[in-house]
Amino acid sequence: MSTEIFRILEIAQHELFLFSAIFLLIGALDELGVDLIWAVRRIYRRYYFYRTTPPLLARQLAVPRGHGLLAVFVPAWGEADVIGAMLSNCSRNWSGKDCRYRIYVGCYPNDPQSAEQVVEAARSNENIRLVLVNHNGPTTKADCLNRLWYALLSDEIAEGCKAKAIILHDAEDAVHADELHVFNCLVSKGGAVQLPVIPVRTRRSRWISGHYCDEFAEAHGKNLVVREALGAPLPLAGVACAIERNLMGRLAQTNGGKPFDQNSLTEDYELGIRIGAVGGRTIMARILDSQGQLVGTRACFPDTLSTSVRQKTRWLTGIALAGWDRIGWQGNFAQKWMLLQDRKSIFAAVILVAAYICLALTAILALTHMSGVYDPAPFSPLLISLFWLNFAFLMWRLAVRAGFVWALYGPKEALLSVPRSVVSNIIAVMAARRACANYVRHCFGAPLNWDKTAHHIMPDSVTPRD
């Protein structure tokens with residue numbers, strides 16, 4: 001290669017370095033702000049609220065006077081591999097509890113395998129009800145949830161009383177025994193309650209499925225906690241969340257009688273934002289059971305590269321791109337900041353690509369320098385300062401995430417979270433590319449199609465630390 005080509009590579013390296021370093025620093029300062037708010041809140045609560053009295057455990061929450069029916073909605077298209085085990089898990093964990101519940105499972109006429117599993121589970125639990133969607137599937141998750149809403153309305157009319165809350169779950173969820181009690185005690189206080197989602201790493205996928213453990217540990221341990229502290233609406237996870245019945249009715253009235261928007265790729269995310277828009281408040285309930293374990297829902301996430309990219313493509317398209325069009329920038333400064341947190345992922349992927357290309361060019365130029373082929377100019381003091389500043393923030397970012405992973409999964413997974421950050425970045429970049437391509441086609445008239453995540457594995461009985 002000629003000297004001129006190396007010179008061009010050097011110019012590209014410097015420009016990419018400056019671009020990525022500046023925007024990585026801006027992103028790091030943004031994340032640092034969230035870290036500081038979480039830390040101040042944690043210290044304040046520990047030394048003011050809990051100075052003399054420890055936090056209440058789940059079973060110590062005050063039981064409200066009115067119990068009411070807790071209606072659990074479970075959409076199930078192509079879920080024959082997991083829905084039977086999921087319902088058995090619910091029946092086992094919720095047996096003999098002080099809450100009245102009914103599980104509405106939505107199946108499709110052209111998916112008899114899933115329906116058979118539901119019918120079999122209902123033989124031993126009268127609280128399980130099969131609801132057939134009135135057309136063949138697959139459709140969107142919101143479409144199935146709306147059919148379950150209509151089934152609940154019919155039951156309310158027939159029984160002459162309203163339900164207390166609607167609980168959302170997916171067909172592969174492993175529920176906690178204290179979940180219904182927590183929802184029963186808290187849902188009337190704000191309008192909606194979100195429990196932590198606890199991903200369970202599959203044995204064959206330490207890196208792909210494992211990176212969900214890292215992301216959710218930090219998101220549900222810090223980010224959503226900060227959103228609640230700032231008074232910004234919390235996006236719901238679509239599982240392990242409960243919405244007060246009358247609030248759900250108001251949401252339905254604003255959307256033609258359908259509480260779940262069938263045109264949305266991320267109806268659960270938008271549902272949380274809409275709850276805030278109508279005056280509701282979502283509680284992020286991080287509470288321990290009597291054994292000291294976090295009350296939450298365990299689930300297995302995609303464990304292959306292709307399925308993970310497909311899932312995150314839908315999330316990015318629905319939240320960062322289509323969500324921008326659908327929701328806009330409503331709310332106060334705190335809400336706008338949190339919306340920016342959600343939508344910066346597309347631009348963050350561009351910055352990551354620029355940074356990785358810069359690293360590759362740096363390696364090439366270092367080899368040319370060692371071999372005596374080309375002698376690149378040294379970095380300016382500004383670039384060197386930006387490098388070390390971003391490096392310090394990177395170490396901080398990895399340490400913070402590892403800390404949240406350690407608290408939930410233990411030291412082994414915390415150490416693995418460091419190299420898994422590279423896996424997370426690769427998946428984010430691949431998903432962002434696909435999301436942008438899909439959205440550009442949508443801008444020229446192509447529909448945004450629902451891409452369902454296939455579920456084949458139910459979490460086993462191990463605790464998150466095992």
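Any residue that is in contact (Cβ under 8 Å) with a residue 12 or more places away in the chain, more than 21 Å from I275 (Cβ to Cβ) and in contact with a Pro (Cβ under 6 Å, 6 or more places away or on another chain) - is there at least one of those in segment 188-203?
yes
Inspect all residues belonging to segment 325-343 and state whether any of them is surrounded by 18 or more Cβ atoms within 10 Å (Cβ to Cβ) and part of a loop (DSSP other than H, G, I, E, B).
Checked against the condition, which is being surrounded by 18 or more Cβ atoms within 10 Å (Cβ to Cβ) and part of a loop (DSSP other than H, G, I, E, B), segment 325-343 yields at least one hit.
Checking A354 against (1) in contact with a Gly (Cβ under 9 Å, 6 or more places away or on another chain); (2) open to solvent by less than 20 Å² (accessible area, probe 1.4 Å), which single condition isn't satisfied?
(1)
Any idea which of V440, V423 is open to solvent by 40 Å² or more (accessible area, probe 1.4 Å), part of a helix (DSSP H, G or I) and among the hydrophobic types (A, V, I, L, M, F, W, C)?
V440
Are any residues in segment 363-382 in a helix (DSSP H, G or I) and either modelled with pLDDT of 95 or more or surrounded by 15 or more Cβ atoms within 10 Å (Cβ to Cβ) (or both), and if so, which ones?
Scanning segment 363-382 gives I364, L365, T368.
Identify all residues within segment 183-200 that are surrounded by fewer than 24 Cβ atoms within 10 Å (Cβ to Cβ) and over 22 Å from W406 (Cα atoms); write none if there are none.
C185, L186, S188, K189, G190, G191
Taking segment 43-82 as the search range and keeping residues that are basic (K, R) and over 30 Å from L153 (Cα atoms), which one is least open to solvent (accessible area, probe 1.4 Å)?
Result: R45.
Of all residues in segment 260-280, which are modelled with pLDDT of 90 or more and either surrounded by fewer than 16 Cβ atoms within 10 Å (Cβ to Cβ) or aromatic (F, W, Y) (or both)?
Hits for segment 260-280 are F260, Y269.
Go through segment 221-236 and give me each residue that's surrounded by fewer than 24 Cβ atoms within 10 Å (Cβ to Cβ) and within 22 Å of M86 (Cβ to Cβ).
none
Take the residues in segment 383-420 that are open to solvent by 70 Å² or more (accessible area, probe 1.4 Å) and of a type in the set (F, W, Y), then tell me which one is modelled with the lowest pLDDT.
For segment 383-420, the residue satisfying everything is F387.
Determine whether segment 342-349 contains at least one residue that is free of Cβ contacts under 8 Å to residues at least 40 places away in the same chain and within 30 Å of the chain's Cα centre (by Cα).
Yes, there is a match, as at least one residue in segment 342-349 is free of Cβ contacts under 8 Å to residues at least 40 places away in the same chain and within 30 Å of the chain's Cα centre (by Cα).
Against the conditions (1) at negative phi; (2) at pLDDT below 95; (3) not in a helix (DSSP H, G or I), where does G96 fall short? Just the number, please.
Checking G96 against (1) at negative phi; (2) at pLDDT below 95; (3) not in a helix (DSSP H, G or I), the one that fails is (1).
Limited to segment 299-320, what total is found for residues that are hydrophobic (A, V, I, L, M, F, W, C) and open to solvent by 30 Å² or more (accessible area, probe 1.4 Å)?
Qualifying residue count for the region: 4.
Report, ordered by the first and then the second residue, all pairs with beta carbons closer than 8 Å, sequence separation of six or more or different chains, a first member in segment 211-233 that is at positive phi, and a second member that is in a loop (DSSP other than H, G, I, E, B).
Matching pairs, first to second residue: G231/N332.
Quick check: anything in segment 20-42 touching a residue at least 60 places away in the same chain (Cβ under 8 Å), touching a Cys at 6+ places or on another chain (Cβ under 8 Å) and buried (at least 18 other Cβ atoms within 10 Å of the Cβ)?
yes
I'd like to verify a number: residues in segment 235-259 that are of a type in the set (S, T, N, Q) and either within 16 Å of K164 (Cα to Cα) or at pLDDT 95 or above (or both), how many?
Counting residues in segment 235-259 that are of a type in the set (S, T, N, Q) and either within 16 Å of K164 (Cα to Cα) or at pLDDT 95 or above (or both) gives 1.
Of all residues in segment 66-116, which are under 20 Å from I166 (Cβ atoms) and among the basic types (K, R)?
Across segment 66-116, the qualifying residues are K97, R100, R102.
The values are calculated or read from the model by the stated rules, or taken from the named source; none is laboratory data. None of the values given here were measured: they were computed from a predicted structure. When we count neighbours, we look across all protein chains shown, and the Cβ atoms used for this are built from the backbone with ideal geometry, even at glycine. What goes into the accessible areas is simple: the full protein's heavy atoms, side chains included, and nothing from ligands, DNA or RNA. Shrake-Rupley method; radii C 1.70, N 1.55, O 1.52, S 1.80 Å.
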